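> My questions will all concern the structure given below.
The values are calculated or read from the model by the stated rules, or taken from the named source; none is laboratory data. Keep in mind the model is a prediction, meaning the values are calculated, not measured. Cβ sites come from the backbone with ideal geometry, for glycine too, and all protein chains shown count toward neighbours. Side chains are part of the model used for accessible areas, which takes the heavy atoms of the whole protein and leaves out ligands, DNA and RNA. Shrake-Rupley method; radii C 1.70, N 1.55, O 1.52, S 1.80 Å.
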Amino acid sequence: MQRNYNFAFLDEGSKREIRRAILKAVAIPGYQVPFASREMPIGRGWGTGGLQVTLSCIGPDDVLKVIDQGSDASVNAVSIRSLVHETTGVETTTSTADATLIQSRHRIPELPLRRDQLMVLQVPMPEPLRTYEARESVTRRLHAEAEYTGAYLELFEQIVRYGSTITGADHPVMVQDRYVMAPSPIPRFDNPKLDDAENLFLFGAGREKKIYAVPPHTKVESLAFDDHPFVREDFEDKRCCICGATGVYMTQTIDPATGKKAWQCSDTDYCSERLEEGESDE
């Protein structure tokens, strides 16, 4: 059976509507712009928002990279990459340096991105105030009034109870001294990469029907207190068991040779590039 799709799956009217939402999001950094999220051939909660943003922005000359928690080979990454490639015919890659459009779930690549690269992040829960206020009408008013006492109170309660903040991922950020934003469930280690970056970051939440953005060279600060500054995960004393890298975000694994705990780079492309450079140096 032959299937004929519109370029990038979505109809042109849908893509224009999504691009208009993106333009508004870029004009107001950190502000959540509602959009008419479409039904996609993947389940809600599996990247439909990021996928719609990608399909609305991608062009025939783009080179696409899709990652899931740093890996190009996970089921989510492979499925989305295959869908976009099948409906556009664009070139795909696993190399961060070669990509012009990168869609990601839960990670920002270790390699600093360039101004000609677009980063799309999948977002399951775009509202950073939802944990203490369930009503959308109230959270919108709180954003309008820049009333973020509750967000700071949550962090304060964590410090009182545990001695430090315990947000392992999705630590809220203040964008351009105006809007508190959920940076997608990226680890705290990646939050500083949003600040004054060269590239444009777009965030898509399909289930919640929201799009927001961090334009290039935008001020992004993780919420913290003067006496309890923001601290990201520390891997300084860890070394990747595959490429030997230090100072990057790592995941714990088991060394198959020894059966002992080991650490390896979360970003598989960064790890493989280091291995190739090491082999060429030798």
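> Roughly speaking, to the nearest percent, how much of the chain's 1.4 Å accessible area is carbon and sulfur?
Taking all protein chains in place, the chain shows 50 percent carbon and sulfur surface.
> To continue, here is another question. Equivalent ellipsoid semi-axes for the range 23-71, as square roots of 5 times the alpha carbon gyration tensor eigenvalues: give them largest first, rounded to whole Å.
Numbers: eigenvalues 77, 52, 33 Å².
Semi-axes (√(5λ), whole Å): 20, 16, 13.
> Can I ask one more? Would you mind giving the three semi-axes, in whole Å and largest first, of the ellipsoid equivalent to the range 219-282 according to its Cα gyration tensor? Intermediate results must be reported in sequence, preceding the final value.
Values: eigenvalues 170, 55, 16 Å².
In descending order, the three semi-axes are 29, 17, 9 Å.
> Where both partners of a DSSP beta bridge lie in the chain, what percent of those bridges are antiparallel, to the nearest 5?
Numbers: 21 of 38 bridges.
Counting DSSP beta bridges with both partners in the chain, the antiparallel share is about 55 percent.
> Work the Kirkwood hydrodynamic radius out for the chain: mean of 1/r over every pair of different alpha-carbon atoms, inverted, in Å.
Values: mean 1/r = 0.0504 Å⁻¹.
The Cα-based Kirkwood calculation yields 19.8 Å.
> If I model a spin label at ARG20 and ARG207 as a point 7 Å from the Cα along the Cα→Cβ vector, what separation in nanometres do I get?
Placing both labels 7 Å along Cα→Cβ, they lie 2.8 nm apart.
> Shifting gears a bit: Using each residue's phi in the range 193-204, evaluate 6.51 cos²θ - 1.76 cosθ + 1.60 at θ = phi - 60° and report the 3J(HN,Hα) Karplus result to the nearest Hz, with x for Gly and Pro.
Taking θ as phi minus 60°, the curve returns 5, 6, 6, 6, 6, 6, 9, 8, 9, 10, 10, x Hz for the range 193-204.
> Which of these, VAL138, VAL120, VAL173, has the largest mean-square fluctuation under a Gaussian network model of the chain (Cα springs below 10 Å)?
Maximum fluctuation in the GNM of the chain, among the listed residues, is at VAL138.
> Going down the table (LYS24/LYS219; LYS65/LYS260; LYS15/LYS219; LYS238/LYS260; LYS193/LYS261; LYS15/LYS193), which pairs top 22 Å between alpha carbons?
Distance filter (> 22 Å) returns LYS65/LYS260; LYS15/LYS219; LYS193/LYS261; LYS15/LYS193.
> Expected output is a single nm value to one decimal: the length gained when fully extending between ASP61 and ASP116, i.e. 0.36 nm times separation in residues minus the C-alpha distance. What is it? Write out the running numbers ahead of the final one.
Numbers: separation 55, 0.36 × 55 = 19.80 nm, distance 1.27 nm.
Between ASP61 and ASP116, full extension yields 18.5 nm more.
> At q = 0.10 Å⁻¹, what log₁₀ I(q)/I(0) does a Debye calculation on the Cα points of the range 59-210 give, no solvent, two decimals?
-0.41
> Between ASP196 and GLU136, what is the spin-label point distance in nm, taking each point 7 Å from the Cα along the Cα→C-beta axis?
3.7 nm
> Now, a different point. Probe of 1.4 angstrom, ligands and nucleic acids ignored: what's the accessible area per residue over the range 98-221, in square angstrom? Mind dumping the intermediate values first?
Values: 5280 Å² over 124 residues.
On a per-residue basis, 43 Å².
> Still on this structure, please answer the following. Dipole of the range 15-104 (Lys/Arg Cβ +1, Asp/Glu Cβ -1, origin at the Cα centre): which of THR94, ILE42, SER79 lies farthest to the positive side?
ILE42
> Under 12 Å from the Cβ of VAL120, count the other residues' Cβ atoms, weight Lys and Arg +1, Asp and Glu -1, and hand me the total. Working shown, then result.
Values: positive: LYS65, ARG105; negative: ASP62.
That sum, taken over residues with Cβ under 12 Å, equals +1.
> Only Lys, Arg, Asp and Glu count, each charged at its Cβ (+1, +1, -1, -1), so figure out the dipole size of the range 63-108 about its Cα centre, rounded to 20 debye.
On the way: 4 positive and 5 negative charges, 34 e Å.
Roughly 160 debye for the range 63-108.
> Placing +1 at every Lys and Arg Cβ and -1 at every Asp and Glu Cβ, with all other atoms neutral, what dipole size does the range 142-223 have around its Cα centre, in debye to the nearest 20?
On the way: 8 positive and 12 negative charges, 52 e Å.
For the range 142-223, the charge dipole is close to 260 debye.
> Based on the alpha-carbon gyration tensor of the range 11-125 and its eigenvalue square roots a ≥ b ≥ c, which shape applies: rounded if a/c is under 1.5, prolate if not and a/b is larger than b/c, or oblate?
Details: a/c = 1.37, a/b = 1.24, b/c = 1.10.
It comes out rounded by the Cα gyration axes.
> Still on this structure, I have one more. Which residue fluctuates most in the GNM of the chain (Cα springs below 10 Å): GLY49, GLY30, GLY59?
GLY59
> With springs connecting C-alpha atoms under 10 Å apart, model the chain as a Gaussian network and identify which of GLU198, GLU110, GLU145 has the largest mean-square fluctuation.
GLU145
> Take every Cα pair under 8 Å in the chain that's 6+ residues apart, average their separations, divide by the length, and report that relative contact order as a whole percent.
Value for the chain: 21 percent.
> Using a Förster radius of 41 Å, what is the FRET efficiency between ALA257 and ARG178 based on their Cβ-Cβ separation? Nearest 0.05, please. Could the numbers behind the result be given before it?
Details: r = 51 Å, r/R0 = 1.26.
Computed FRET efficiency for ALA257 and ARG178 comes out at 0.20.
> Also: Might you report the magnitude of the Cβ-based charge dipole of the chain about its Cα centre, with Lys and Arg at +1 and Asp and Glu at -1, to the nearest 20 debye? Mind dumping the intermediate values first?
On the way: 32 positive and 43 negative charges, 260 e Å.
Once rounded to the nearest 20, the dipole reads 1240 debye.
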